[in-house]
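**Q** Handing you this structure, nothing more for now.
Every number in this text was worked out from the coordinates using simple rules, so none of it is lab data. For clarity, every value in this text was computed on a predicted model and none was experimentally measured. Here Cβ is always computed from backbone atoms with ideal geometry, including for glycine, and neighbour counts include all displayed protein chains.
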């Protein structure tokens with residue numbers, strides 16, 4: 001794999017990696033059927049709403065743009081309720097019951113039972129933990145992260161977990177990254193952020209001097225990723241990537 005020259009001002013590849021932070025949703029866990037098309041239809045049905053499941057994917061894409069644009073500011077419940085409301089409306093729901101349905105969806109998103117752990121998570125975290133790597137979570141969520149650690153048996157590996165609802169700011173705001181570093185006792189120059197969002201996870205971390213590894217599970221190419229950002233398809237690649245010379249984080253992987 002050809003090495004990529006770090007962008008001006010990017011963290012130098014000569015520094016060792018001592019701490020790794022992970023995004024949560026779509027990096028470590030993914031939603032089950034509750035939050036797919038039929039799940040939304042069932043939510044809607046409980047509130048007397050009619051939606052078209054065939055419109056679900058386009059509805060999520062439309063709502064996601066709005067949510068992405070709101071990232072980086074203070075955490076507000078309304079941002080995520082509005083996301084669910086927009087999905088329902090794009091699927092055809094109308095009337096005053098949409099609001100209550102959207103709030104139920106928001107509340108249920110916090111329940112770990114609706115989610116599954118990717119099968120590469122435990123092997124990757126075990127391998128990193130065996131090397132003495134310090135690890136933490138940084139998530140734009142209202143989910144109780146201690147409950148998530150217990151539910152998915154991740155507590156033995158994770159030294160700190162920072163949620164935007166508790167901290168106050170959402171990624172890519174620099175303060176949430178700084179808080180995670182503080183809790184783990186790590187310096188930005190020795191830390192790597194791993195996540196599926198280039199804007200929120202990777203670029204946010206890089207602004208304070210951390211390095212980034214972008215997770216692209218679908219195998220989608222990311223030519224827009226700046227130099228110095230590795231792109232991997234599975235977390236199984238991560239221990240090997242970090243075990244080599246630190247310059248490995250400045251290589252496009254996969």
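**Q** Provide the FRET efficiency to the nearest 0.05 for the residue 187-residue 122 pair, computing r from the beta carbons and using R0 = 35 Å.
**A** Given R0 = 35 Å and the Cβ-Cβ separation, E is 0.80.
**Q** In degrees between 0 and 90, to the nearest 10, how far off the longest principal axis of the chain does helix 174-184 point, with axes built from Cα atoms?
**A** Approximately 60 degrees, to the nearest ten.
**Q** Can you give the angle from 0 to 90° between the axis of helix 56-70 and the longest principal axis of the chain, with both taken from C-alpha atoms, to the nearest 10?
**A** 60
**Q** Find the relative contact order for the chain and round it to a whole percent, using C-alpha pairs within less than 8 Å whose residues are 6+ positions apart.
**A** Relative contact order comes out at 27 percent.
**Q** Another one. Counting other beta carbons within 10 Å of each Cβ, put 119, 196, 175 in order, fewest first.
**A** Lowest count first: 119, 175, 196.
**Q** Calculate the spin-label point distance for residue 62 paired with residue 26, positioning each point 7 Å from the Cα along the beta-carbon direction, and give it in nanometres.
**A** My value for the distance between the label points is 1.8 nm.
**Q** Hey, another quick one. Could you compute how fast the chain diffuses translationally, taking Rh as the Kirkwood radius over C-alpha pairs and applying Stokes-Einstein at 10 °C with viscosity 1.306 mPa s? Give it in µm² per second.
**A** 84
**Q** Let me ask something additional. What angle do you read, to the nearest 10 degrees and between 0 and 90, between the alpha-carbon axis of helix 77-90 and the longest principal axis of the chain?
**A** 60
**Q** Could you please state, rounded to a whole Å, how far the C-alpha centre of region 62-88 is from the C-alpha centre of region 185-245?
**A** 24
**Q** Using the 10 angstrom Cβ neighbour count as an exposure proxy, how do 240, 82, 134 rank, fewest first?
**A** The order, fewest Cβ neighbours first, is 240, 82, 134.
**Q** So for 21, 115, fewest C-beta neighbours within 10 Å to most, what's the order?
**A** Ranking 21, 115 by Cβ neighbours within 10 Å, fewest first, gives 115, 21.
**Q** Can you give the % of DSSP beta bridges in the chain that are antiparallel, to the nearest 5?
**A** Counting only bridges with both partners in the chain, antiparallel ones make up about 20 percent.
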